[in-house]
1. Hey, fewest Cβ within 10 Å first, where do Phe12, Phe88, Phe51 land in order?
2. Of all GluC sites (Glu not before Pro) in the range 80-168, which ones are in loop regions per DSSP and have a Cβ with at most 14 other Cβ atoms within 10 Å?
3. Sort Val143, Val9 so the one with the fewest other Cβ atoms within 10 Å of its own Cβ comes first.
4. Taking neighbour counts of Cβ atoms within 10 Å as a proxy for exposure, in what order, fewest first, do Asp32, Asp24 appear?
5. Classify the chain as rounded, prolate or oblate from the Cα gyration tensor: take a ≥ b ≥ c as the square roots of its eigenvalues, call it rounded if a/c is under 1.5, otherwise prolate when a/b beats b/c and oblate if not.
6. Can you return the aspartates and glutamates within cross-link range of Lys152? Criterion is Cα-Cα under 12 Å, with same-chain partners fewer than 8 residues away left out.
7. For the range 183-225 and the range 17-42, what is the separation of their C-alpha centers, rounded to whole Å?
8. With n ≥ 4 as the cut-off for DSSP H runs, can you work out [θ] at 222 nm for the chain, using -39500 (n - 2.57) per run divided by the number of residues, rounded to the nearest 500?
Amino acid sequence: MIGVLDSGVGGFSVLREIHAHLPDQDITYIGDNAWCPYGNKSYPEIRERTFALSDFLIEQGAEVIVIACNSATIVAIEALRSHYLLPFIGMEPGVKPAAALTKTGTIGVLATEASLRGDKFHHLVARHAQNIRVITQPCPKFVELVEHGILKGPEVDAAIDEYTANMLAADADVLILGCTHYPFLRPALETRLPDHIRFIDTGDAIARRTEQHSLTPSDKPSIKILTTGIPEKIASLLQTLTPKIEATCTPLFLP
Ligand code: DGL
């Protein structure tokens, strides 16, 4: 079984890629909706949650865990890898592909506040974007909108305008969707922003990395979604966000 976790429903953007690449695998996804968002939480808090959810996924038989959350990856992936024996796959803002794609030499990084203040993020920029101008922007409203299933309309457009104004003014031509919630707003971003803007989303790359692990195929593959929030709400969000995925949604009670 593949374990996947996120602060909420953002990781569905990674889940759909994993399922598309590995349809014969059981997947157990945890959305920590009761604690969402992670983006404004302290590092010890994010780390503690990520360990608690990982412990649960391991108890359930996970062979690999995908941290489908940039914030949790930036804060906890190294600690997770040194603590547990099983492999952990993490997400991080796609600075390398963005730096390779830009023609203007300026890129924008849309991510959570927790991700943008992490050492791991600063190392990523220092390593892959040395001669590139990098403009960063936390986008908490994007997470809120996606958690409410609002993917277009005036509220979305206002948030897009607010968050992209500085990077567009600086002539950024590549924007990184550095939080797993944001790909659900990509259609709205593409409609709202000029045609020459390119977007980077690393969900597919993560699925390909997951595929490289030798995992036991399931006779009757299924997707289970567990949430520390309200399962009915998450089931309905699953329908809105990834209508092709069929899954059961059940509550998860963790201290
Ligand atoms: N989806 C998460 C990420 O990729 C976290 C969003 C949040 O909870 O603030 O960073």
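Since every read-out is calculated from the coordinates, none of them should be taken as a lab result. Nothing here was measured: the structure is a model prediction, and the numbers come from that model. FYI the Cβ positions are ideal-geometry reconstructions off the backbone, even for glycines, and counts take in every protein chain you see.
1. Numbers: Phe12 30, Phe88 21, Phe51 16.
Listing Phe12, Phe88, Phe51 from fewest to most nearby Cβ atoms yields Phe51, Phe88, Phe12.
2. Working: sites: Glu113, Glu144, Glu147, Glu155, Glu162; in loops: none.
Qualifying residues, ordered by number: none.
3. Working: Val143 26, Val9 30.
Fewest to most other Cβ atoms nearby, the residues stand as Val143, Val9.
4. Details: Asp32 26, Asp24 11.
Lowest count first: Asp24, Asp32.
5. Numbers: a/c = 1.68, a/b = 1.43, b/c = 1.18.
Prolate shape, in that a/c is at least 1.5 and a/b is the bigger ratio.
6. Glu190
7. 12 Å
8. Values: 11 runs with 113 residues, N = 255.
Helices in the chain give a 222 nm mean residue ellipticity of -13000 deg cm²/dmol.
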